[in-house]
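Novice: I'd like to ask some things about the structure below.
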Amino acid sequence: MTTTSTPPTLVAEGIGKSFAGVHALTDVTLEIRPGEVLALMGENGAGKSTLLKILSGDQPPDTGTLRMHGEPVTFSSPADAMAAGVRVIYQEPEIVPHVSVAENVYIGRLPATARRFNRRALRERVRADLERTGFTGAIDPDTLGSRLSAAQRQLIEILRALTSDTAVLAFDEPTSSLSDAETESLFRLIRELRESGVAIVYVSHRMKEIFELADRIAVLRDGRLIGVRPAAETDEEELVRMMVGRDLSSMFQRRHTGAADQPVASTESRRPVLELRGVTSDDVSDVDLVVHAGEVVGLAGLVGAGRSELARAVVGDVPLRGGQVVVNGRPLRLRTPGDAVAAGIGFAPEERKADALLMHRTVRDNLSLAVLDRLSRLRFVRARAERELVDRYVEQLRVRTPSPEQQIRKLSGGNQQKVVLARWLARRPDVLILDEPTRGVDVGAKAEIYAIIDELAASGVALLVISSELPEVLGLSDRIVVMQNGRIAGELDRDEATEERILALAIADHAAEGASR
Amino acid sequence: MTGTRAPLPAQTSTAAADATTPSARRPSPLHRVLEAVGVTNVSLLIALALVILVIGSQNADFFRGSNLIVIGTAVAISGLLAVVQTVVIIAGGLDISVGSVAGLASVASAMIFTATGSTAVLGLAGAVLIGLLCGLVNGAIIVYGRVNPVIATLATLAAFKGIAQLISNGRAQGYTGSDPIFIFLARGSILGIPTLIWVLLLVAGLLHVMLKYTDIGRKIYALGGNDAAARLAGININRYILAIFALAGMVAGIAGVLITARTGSGQPISGSEGLELEAITAAALGGTALKGGKGSIISTLLAVLLLGVLINGMTLLGVNPFWQNVAKGTLLVVAVVIQQLRSGERRVGIPQ
């Protein structure tokens, strides 16, 4: 435990940041002290990544100041922040694909004599760095950047930080792509860094890691700092309460949970709508899965388990290498997503802005995109029919927009997501696949999105919901399918599912078990 | 907190200053006019007025009816290419081969005309068909060869030009100057307005209606704005890209016919060279986002007119024609720089 008398290395004072009118951070004041691990917790969208981006100089704050050793500093680029000794290690660091590991580590600082750098000296130096940090076997200095795994890329970023003067080092969920052994090495390294007086910020969802590493724990919720607790004086329960702002048990209760269990649940009306038979693509193998009418199936698993990749295969966005997708008993011939849409599958992708929204178009244009042909006669879009449809869904989903003619980028994340949902509701699909439907959505809109999912299920739609938030999966699903490594690792019924059991399936060593089954 | 942007009744006096959130307040009348006509169009009209004032004050001949007709007919051919280029750019592409396609179509129209015993209709149809085929070739290279549109059409810019030179031996072909249909296209008029201008207005009108009122147009905007979103919404984007490049080729074919009509013979190069620059400049000047997803035919038409007036004015004022090329190039850069600054993009690295 550090003494409070040590002057902080970096202080964030009253930091505020909004994107298109949505407050991502409001008045956050936080001290980052030398020789201490400060854990940063919060749900998705709580503002952790925005705060990291501000610390790293990737984004300027709208309000507030950063002080480094007491002096106000302005980072106008990541290079500025690095020069000041502040580095953020992201989950997916930038790597130059066509040069070696060694060059990637010393990028921008290559040992040069007369503009020609000495490859051998560099390799030796990186080898020594690896030895010193205990990662010798993890990576070969000669490997090309493009051939590295996620964990190895992260390691490069860590080596970059360790081989330059670093006063503040922030990790953004570093262990999500690391193996157990790698995690162990990373923790050892973090402890060493702490001993040497580096101030460490550690962002993670994993309670166990946090209590293992952190000295103090700061909790963000909806862009505000809820509190900072010394790790020794708090427990898991308090932190969860701080993160969600209410008791876990009261969240995400579905009203219509019965829909699948009650009268409808008689076996014959539990009609299978979506059936995957041995679906195999480049990223998923041999997936069997059934979603019945009126059922919500949650798809859980760690990041990289192949859930989104499975969805992309089912909607025909990546080619199937084997197996069949069957909707209402009819096997589909999937060449493009258009074929899946025509067969009654709707898909709201994870990356809303990149893959779903036309950011420069209006709410109306975005909402009617998937039903334009139905709204048209002789190819002319019937303006009145379109307006009526848009008005109806804006009202039904309570999309908060001044008008359907508002540009969608001016809406908050939650309302944008509702428009994406409305796009598919308007098509009246038989199957709806939602990938992280509440990512970057504020708490209020989240509850509304849950209600929409609930009502859709009640109206007989078969839903497949991908989510990384376990409470969400548990609250929404009638059945939970857990994926690991591109395969189904197991299935849990609503009654038997707990966070622990899902996690056990998601992380257990199923490679061996799966083979023996 | 987040989505609840209820219209605030207070502070209406600052409405003009706060142009970024127009819908949140009651707009002033000026504001509403601006909104309806569009900032781009208002800027273009102001620029047009200024240019006309300057040129007119220097040389009174500018305002003579015959000169206005000269301007109109001069912009008709590049205008055709500009409006169809607008559609291509909105869809997220770029076609720099349009000038070469027009040249090839021009030669072909005259040669078919001659070969079929002076049957103008066959010459016209053949030229348009050849344009369409050239466009399909572009589209196929882009979609199935996975070649960036700029590179693909840069390659065909050279190739189509070469084909035109090969079949014509590099010389003007045929003589269409005595055929009534070609004469009507080049020098005829309906209701006092030259046929050339009617052709431009007709094509522009059709493209405008397509973009604005049909599901095809809406999907083209979607495709250019976010192709992943368009694809996942079930739009067959490959088919759209093929069709759009075919359309560009077809319109370039029409432009080629007009070149033949104006000069009285099929021109492999002169008459079409550099038209792609004018077309892209007009589209960019008209506010068509080079990233795709944004733009309008009407703005492009205004920009075509502005360019036509500028070039005509420079000629009237005796500016060295070489300077005109410098001016055109400069204008393209200025137009795109303005566009990029307005988009607020960060000035880092090579722009997308």
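Novice: Any residue in the stretch B:40-63 that is in contact with a helix residue (DSSP H, G or I) (Cβ under 7 Å, 6 or more places away or on another chain), at pLDDT below 90 and either closer than 30 Å to B:Gly170 by Cα or part of a loop (DSSP other than H, G, I, E, B) (or both)?
Specialist: yes
Novice: Before we move on, is B:Val128 in contact (Cβ under 8 Å) with a residue 60 or more places away in the chain, of a type in the set (Val, Ile, Thr) and surrounded by fewer than 17 Cβ atoms within 10 Å (Cβ to Cβ)?
Specialist: No; evaluated as a whole, the condition is false for this residue.
Novice: Sticking with this structure for a sec: Taking A:Arg409 as meeting all but one of (1) modelled with pLDDT of 95 or more; (2) under 21 Å from the mean Cα position of the chain (by Cα); (3) not assigned by TED's automatic domain parsing to the domain that holds A:Pro349, write down the number of the exception.
Specialist: (1)
Novice: Just the residues that are β-branched (Val, Ile, Thr) and in contact (Cβ under 8 Å) with a residue 60 or more places away in the chain, please, taken from the stretch A:171-222.
Specialist: Of everything in the stretch A:171-222, those that are β-branched (Val, Ile, Thr) and in contact (Cβ under 8 Å) with a residue 60 or more places away in the chain turn out to be A:Ile190, A:Val198, A:Ile200, A:Val201, A:Val203, A:Ile210, A:Ile217, A:Val219.
Novice: Further, regarding this structure: If you go through the stretch A:435-447 one residue at a time, how many are in contact with an Asp or Glu (Cβ under 9 Å, 6 or more places away or on another chain) and either assigned to a helix (DSSP H, G or I) or not assigned by TED's automatic domain parsing to the domain that holds A:Leu310 (or both)?
Specialist: Going through the stretch A:435-447 one residue at a time, the tally reaches 2.
Novice: Keeping to the stretch B:175-212, report how many residues are facing another protein chain (nearest Cβ under 10 Å) and surrounded by fewer than 16 Cβ atoms within 10 Å (Cβ to Cβ).
Specialist: The qualifying residues number 2.
Novice: Here's something else I'd like to know. State yes or no: is B:Ala233 touching an Asp or Glu at 6+ places or on another chain (Cβ under 6 Å) and either crowded, with 20+ Cβ neighbours inside 10 Å or free of Cβ contacts under 8 Å to residues at least 24 places away in the same chain (or both)?
Specialist: When the stated conditions are applied, B:Ala233 does not pass them.
Novice: Find all pairs meeting these conditions: Cβ atoms under 7 angstrom apart; at least six residues apart or on different chains; first residue within the stretch A:367-396 and open to solvent by 70 Å² or more (accessible area, probe 1.4 Å); second residue hydroxyl-bearing (Ser, Thr, Tyr).
Specialist: A:Arg379/B:Thr214; A:Phe380/B:Tyr213; A:Phe380/B:Thr214; A:Arg382/A:Ser376
Novice: Right, next: Tell me, which residue of the stretch A:448-484 that is in contact with a strand residue (DSSP E or B) (Cβ under 9 Å, 6 or more places away or on another chain), in a loop (DSSP other than H, G, I, E, B) and of a type outside the set (Ser, Thr, Tyr) is surrounded by the most Cβ atoms within 10 Å (Cβ to Cβ)?
Specialist: Filtering the stretch A:448-484 for residues that are in contact with a strand residue (DSSP E or B) (Cβ under 9 Å, 6 or more places away or on another chain), in a loop (DSSP other than H, G, I, E, B) and of a type outside the set (Ser, Thr, Tyr), the one surrounded by the most Cβ atoms within 10 Å (Cβ to Cβ) comes out as A:Val461.
Novice: Out of (1) within 11 Å of another protein chain (Cβ to nearest Cβ); (2) closer than 18 Å to B:Ile280 by Cα, the odd one out for B:Ala229 is which?
Specialist: (2)
Novice: Tell me, which helices (runs of 4 or more DSSP H) wholly within the stretch A:295-401 include 2 or more residues that are within 9 Å of chain B (Cβ to nearest Cβ)?
Specialist: A:337-342, A:352-355, A:363-367, A:372-375
Novice: Would you mind stating whether B:Arg239 is out of contact with any Lys or Arg (no Cβ under 7 Å at 6 or more places or on another chain), free of Cβ contacts under 8 Å to residues at least 60 places away in the same chain and open to solvent by 20 Å² or more (accessible area, probe 1.4 Å)?
Specialist: Taking the combined requirement at face value, the residue satisfies it.
Novice: From the set of residues in the stretch A:430-447 that are surrounded by 23 or more Cβ atoms within 10 Å (Cβ to Cβ) and within 17 Å of A:Asp355 (Cβ to Cβ), which is nearest to the other protein chains (Cβ to nearest Cβ)?
Specialist: A:Val441
Novice: Name the residues in the stretch A:6-55 that are at pLDDT 90 or above and of a type in the set (Gly, Ala, Ser), would you?
Specialist: Within the stretch A:6-55, A:Ala12, A:Gly14, A:Gly16, A:Gly35, A:Ala39 qualify.
Novice: Need at least 1 residues that are at pLDDT below 75 per element, so show me which helices (runs of 4 or more DSSP H) inside the stretch A:192-265 make the cut, counting only ones lying wholly within it.
Specialist: Filter on the stretch A:192-265 gives A:236-244, A:258-261.
The values are calculated or read from the model by the stated rules, or taken from the named source; none is laboratory data. The structure displayed is predicted, hence computed values, not measured ones. Neighbour counts are summed over all protein chains in view; Cβ atoms, including those assigned to glycine, are modelled from backbone coordinates with ideal geometry. Heavy atoms of the whole protein, side chains included, go into the accessibility calculation; ligands, DNA and RNA do not. Shrake-Rupley method; radii C 1.70, N 1.55, O 1.52, S 1.80 Å.
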